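J.: Pasting a structure here, questions to come.
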Amino acid sequence: MLKRCIQAEWLKLRHSRMWLILLVLPVFSVLIGCANYYFNQAALQNGWYSLWTQVSLFYGEFFLPVLIAICSAYVCRLEHMNKNWNSVMTAPVSVAHIFISKLVIVGALILIVQFFFITLYFCAGKLFGLPLQFPVETFGWIIRGWFASITIGAIQLWLSMQIRSFAIPIGISVCAVFIGLGMYVMNLGMFFPYSLLTIGMGVISQESLTNSDIIQFLAMNIIFIVIISVLTIRRLKKVDVMA
């Protein structure tokens, strides 16, 4: 049944305009980062790492959280139209499967975006004539960023299931990004979901995480995902009709 729910969610995206947004935002962020890198090459002398600081700052700190919020709101959009939640809640489908299938789809979309972004980053580096040796840390940043994205996706899905408006959950995401940046600066990033994305992608600091840091990072993401998922599924079970 879960497989069928995932397939149904995927079918809803096949002819949507979501794919255009998934492509445009990473391209836009890389272009901004490359422009900053180009005009500040005298100060940015660390090759691939300097380029990463520029492109990932706009992408990981601002565009990616917004993109996650857009994806989460979009996969709930159809259910909010014409009170379709009534049909969903009366269908012979587990509410847990409904939520998990949507989270899987959001995770799959963001994974595609992550690999598209690293491809753009690689191409930009080649255009700037950076050395052939590509930093292996980049793959760790991409995967950890994706893992943190699932945590944010769970939160945004919870919001989008409660709020009919498409824009409000996205606005909340933008506010949470700035809160997360403040938490990161205060060295409390591990305890706030939106800060975990900053840590995971090495947006501000490219210093390698220690093994204990990585374990804590993974543990906090898992804790947030489980807590939000359980709370959302429990509410879906208690509410018979979603307006």
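J.: Filter the range 114-133 down to the residues that are open to solvent by less than 40 Å² (accessible area, probe 1.4 Å) and of a type in the set (G, A, S), then identify the one that is farthest from S50 (Cα to Cα).
T.: Here the residue is A124.
J.: Test of understanding: among F134, F122, which residue is in a helix (DSSP H, G or I) and among the aromatic types (F, W, Y)?
T.: The conditions single out F122.
J.: Now for a separate question. Which of the residues that make up the range 179-209 are touching a Phe, Trp or Tyr at 6+ places or on another chain (Cβ under 9 Å), open to solvent by 60 Å² or more (accessible area, probe 1.4 Å) and over 22 Å from I223 (Cα atoms)?
T.: The one that is touching a Phe, Trp or Tyr at 6+ places or on another chain (Cβ under 9 Å), open to solvent by 60 Å² or more (accessible area, probe 1.4 Å) and over 22 Å from I223 (Cα atoms): I204.
J.: A follow-up question, please. Taking the range 92-113, which residues are in contact with a helix residue (DSSP H, G or I) (Cβ under 6 Å, 6 or more places away or on another chain) and open to solvent by 40 Å² or more (accessible area, probe 1.4 Å)?
T.: If the condition is that a residue be in contact with a helix residue (DSSP H, G or I) (Cβ under 6 Å, 6 or more places away or on another chain) and open to solvent by 40 Å² or more (accessible area, probe 1.4 Å), then H97, V104, L111 are the ones that fit.
J.: A follow-up question, please. Of the conditions (1) over 26 Å from S229 (Cα atoms); (2) touching an Asp or Glu at 6+ places or on another chain (Cβ under 8 Å), V75 satisfies every one except a single condition; which number is it?
T.: Checking V75 against (1) over 26 Å from S229 (Cα atoms); (2) touching an Asp or Glu at 6+ places or on another chain (Cβ under 8 Å), the one that fails is (1).
J.: State whether one or more residues within the range 16-24 are among the aliphatic types (A, V, I, L, M) and either outside any helix (DSSP H, G or I) or over 30 Å from L157 (Cβ atoms) (or both). Explain how you work it out, then say what you get.
T.: From the range 16-24, those among the aliphatic types (A, V, I, L, M) are 18, 20-24; that's our starting set.
With either outside any helix (DSSP H, G or I) or over 30 Å from L157 (Cβ atoms) (or both) added as a condition, the list becomes none.
No - not one qualifying residue is present in the range 16-24.
J.: Is one or more of the residues making up the range 13-20 surrounded by 14 or more Cβ atoms within 10 Å (Cβ to Cβ), in contact with a Ser or Thr (Cβ under 7 Å, 6 or more places away or on another chain) and not hydroxyl-bearing (S, T, Y)? Walk me through it before giving the result.
T.: Start the filter on the range 13-20 by keeping residues that are surrounded by 14 or more Cβ atoms within 10 Å (Cβ to Cβ), which leaves 13, 18.
So of that shortlist, the ones also in contact with a Ser or Thr (Cβ under 7 Å, 6 or more places away or on another chain) come out as none.
No; the residues of the range 13-20 include none that is surrounded by 14 or more Cβ atoms within 10 Å (Cβ to Cβ), in contact with a Ser or Thr (Cβ under 7 Å, 6 or more places away or on another chain) and not hydroxyl-bearing (S, T, Y).
J.: Residues to consider are C71, C34; find the one that is under 30 Å from L132 (Cα atoms), touching a residue at least 40 places away in the same chain (Cβ under 8 Å) and either within 16 Å of the chain's Cα centre (by Cα) or not in a loop (DSSP other than H, G, I, E, B) (or both).
T.: Numbers: C71 fails: under 30 Å from L132 (Cα atoms).
Just a single option satisfies the conditions, and that option is C34.
J.: Quick check on the range 89-115: of everything there that is β-branched (V, I, T), modelled with pLDDT of 90 or more and within 17 Å of S229 (Cα to Cα), which residue is farthest from the chain's Cα centre (by Cα)? Don't jump to the end; show me each part of the working.
T.: Applying the first criterion (β-branched (V, I, T)) to the range 89-115 yields 90, 93, 95, 98, 100, 104-106, 110, 112-113.
Pick out the ones that are also modelled with pLDDT of 90 or more and you get 100, 104-106, 110, 112-113.
The next check asks that each one be within 17 Å of S229 (Cα to Cα); those that pass are 100, 104-106.
Values: I100: 16, V104: 12, I105: 12, V106: 8 Å.
So the residue we want is I100.
J.: If I filter the range 116-145 down to residues being among the aromatic types (F, W, Y) and more than 19 Å from the chain's Cα centre (by Cα), which single residue comes out as modelled with the highest pLDDT?
T.: In the first step, residues of the range 116-145 are kept if they are among the aromatic types (F, W, Y); the result is 116-117, 121-122, 128, 134, 139, 141.
Still in the running and more than 19 Å from the chain's Cα centre (by Cα): 122, 128, 134.
On the way: F122: 94, F128: 91, F134: 85.
Among residues in the range 116-145 that are among the aromatic types (F, W, Y) and more than 19 Å from the chain's Cα centre (by Cα), the one modelled with the highest pLDDT is F122.
J.: Quick one: count up the residues across the range 146-169 that are open to solvent by 30 Å² or more (accessible area, probe 1.4 Å) and either at pLDDT below 95 or in contact with a strand residue (DSSP E or B) (Cβ under 7 Å, 6 or more places away or on another chain) (or both).
T.: Final tally of qualifying residues: 8.
J.: When you look at L44, is it of a type in the set (A, V, I, L, M), under 24 Å from Y184 (Cβ atoms) and free of Cβ contacts under 8 Å to residues at least 24 places away in the same chain, yes or no?
T.: So L44 fits the description; yes.
J.: Go through the range 158-212 and count every residue that is in a loop (DSSP other than H, G, I, E, B) and more than 15 Å from W141 (Cα to Cα).
T.: Adding up the residues that qualify gives 8.
The values are calculated or read from the model by the stated rules, or taken from the named source; none is laboratory data. Every value quoted in this text rests on a predicted model; they were computed, and no experiment measured them. Glycine gets a Cβ as well: all are built from the backbone with ideal geometry, and neighbour counts include every protein chain shown. These accessible areas exclude ligands, DNA and RNA; they are computed on the full protein's heavy atoms, side chains included. Shrake-Rupley method; radii C 1.70, N 1.55, O 1.52, S 1.80 Å.
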